[in-house]
Amino acid sequence: MKTDSNKKVVQMFKHNNTSAKIINVCNRFDLIRGGQLTDLNIAYETWGSLNKDKSNVIVIFTGLSASSHVTSSSMDKTVGWWESVVGKGKAINTEDHYVICINTLGSCFGSTSPVSINKKTNEPYRLTFPELTVEDMANASSMLLKKLGIDSIKVLVGPSLGGMKALAFSILHSSSVKNLILISSATQALPYAIALRSLQREVIRKDPLWNSGFYSYENPPLNGVRIARKIGMASYRSSLEWTQRFGRKKSDDNKLNQNTFGIENTSFEFEIESYLEHQAVKFQNIFDANCYLYLSRAMDWFDVAKHGKSTLDAISKTKIDKALVLGVTTDVLFPSQQQKEIAELLSLSNTIVEYKELDCIQGHDSFLVDTMTFSQEIANFIKTL
């Protein structure tokens, strides 16, 4: 019975990770805040070809909810989460570069996480999974790259949480990274972002089906994850975008006088409400609740200053030649001021820095939506290397 259940756990997120390769990077992995994992597995995907001197490597670190499937390939035609930016002839050109996208340690899309089987118990880790940090994610990625025989990264790309991982990686494994592209990231989480993520975690925990983390995978806490995603969506986009996009338009599925308050999610009066519901339902069916808790908390704990006497001292440990730092004027989750701070710190650390504050209306998610603007900036930067 346990075996059948465990197989379901392993398979449940496979549809979002069909082309990922999964390899064991070490038999024992000690985490920063204590605890250890045995048989650490990391999922990744690659595009393009590695040249003879291995000098054309671009590594992409993902945000919180993304898999390693950044773009389609001959093996998997499914559209990736950054399809317009990565590929043949695109900003991150797979004809010229060997591109590796690494799935985050703690994510439910192939890397070891709370849904993985703990070999000591033959049960999923769930909340027995050790406390996870951004630095753990960076260290696990370093182990994967060493397994792949990659010692030097031409460009390390990180949006959002991926940018936090990229900063941690550049400090902890400074000799491995030559150039950086950081998008809407931070040296530390701001109180506003911590507060929002705290609310997201609370609604997941308050879902009766969460059951202190020991929920049934056949009947998971979907309501909690759905509402958490709605809170997230409200911070990922901007008021300006939603005013222009939705205004006060009524929803097509609105049924007046039946369900004024959208009880049981059967009716939403405004189009923005229907949009949030649609996005949240999509997410609840592909992402694990416990994984969300762990990754979210790791972002709260991240603070570059812990790696030196100050934030500047920590950043000074990097050995970056050139960096592109991109911020968005409408981003409330990782505001442009934080991007400006990163750019200034890198510049003080003898890195040649290009900083751009982009006037996109899609808020934090702009890098996923306004891909034309971001593609232009990324392509222009890579051409200078």
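Taking the conditions exactly as written (among the aliphatic types (A, V, I, L, M) and closer than 30 Å to Asp313 by Cα), does Ile352 satisfy them or not?
For Ile352, the condition - among the aliphatic types (A, V, I, L, M) and closer than 30 Å to Asp313 by Cα - is met.
Hey, does region 61-74 have a residue that's more than 27 Å from Ala193 (Cα to Cα), surrounded by 22 or more Cβ atoms within 10 Å (Cβ to Cβ) and hydrophobic (A, V, I, L, M, F, W, C)?
Within region 61-74, the subset more than 27 Å from Ala193 (Cα to Cα) is 71-74.
From the residues that got through so far, the ones that are surrounded by 22 or more Cβ atoms within 10 Å (Cβ to Cβ) too are 71.
Imposing the further condition that a residue be hydrophobic (A, V, I, L, M, F, W, C) reduces the set to none.
Within region 61-74, not a single residue is more than 27 Å from Ala193 (Cα to Cα), surrounded by 22 or more Cβ atoms within 10 Å (Cβ to Cβ) and hydrophobic (A, V, I, L, M, F, W, C).
Looking at region 25-72 only, could you name the residues that are at positive phi and assigned to a loop (DSSP other than H, G, I, E, B)?
Within region 25-72, Gly34, Gly35, Gly48, Lys54 qualify.
Which condition number in (1) farther than 15 Å from Ile181 by Cα; (2) of a type in the set (Gly, Ala, Ser); (3) at pLDDT 95 or above is the one that Ala379 fails?
Unmet condition: (1).
Please specify each residue of region 315-331 satisfying the condition of being crowded, with 19+ Cβ neighbours inside 10 Å, closer than 30 Å to Ala234 by Cβ and not acidic (Asp, Glu).
Of everything in region 315-331, those that are crowded, with 19+ Cβ neighbours inside 10 Å, closer than 30 Å to Ala234 by Cβ and not acidic (Asp, Glu) turn out to be Leu324, Val325, Leu326, Gly327, Val328, Thr330.
For the structure I just gave you, tell me whether Ser142 is assigned to a loop (DSSP other than H, G, I, E, B) and modelled with pLDDT of 95 or more.
no
Suppose we filter region 320-372 for residues that are in a loop (DSSP other than H, G, I, E, B) and over 21 Å from the mean Cα position of the chain (by Cα); how many remain? Let's see the steps before the verdict.
Taking region 320-372 and keeping what is in a loop (DSSP other than H, G, I, E, B), we get 320-321, 329-335, 349-351, 359-362, 370.
Now restrict to residues that are over 21 Å from the mean Cα position of the chain (by Cα): 320-321, 349-351, 359.
Counting residues in region 320-372 that are in a loop (DSSP other than H, G, I, E, B) and over 21 Å from the mean Cα position of the chain (by Cα) gives 6.
Restricting to region 208-226, give me the number of residues that are part of a helix (DSSP H, G or I) and surrounded by fewer than 20 Cβ atoms within 10 Å (Cβ to Cβ).
Looking only at that region, the number is 7.
If only one of Ile58, Ile102 is among the aliphatic types (A, V, I, L, M) and either at pLDDT below 95 or more than 14 Å from the chain's Cα centre (by Cα) (or both), which one is it?
Of the residues listed, the single one that is among the aliphatic types (A, V, I, L, M) and either at pLDDT below 95 or more than 14 Å from the chain's Cα centre (by Cα) (or both) is Ile58.
Would you mention how many residues in region 110-133 are closer than 22 Å to Lys21 by Cα and not in a strand (DSSP E or B)?
So the answer is 9.
The values are calculated or read from the model by the stated rules, or taken from the named source; none is laboratory data. For clarity, every value in this text was computed on a predicted model and none was experimentally measured. Ideal geometry is used to build each Cβ from the backbone, glycine not excepted, and the neighbour counts take in all protein chains shown.
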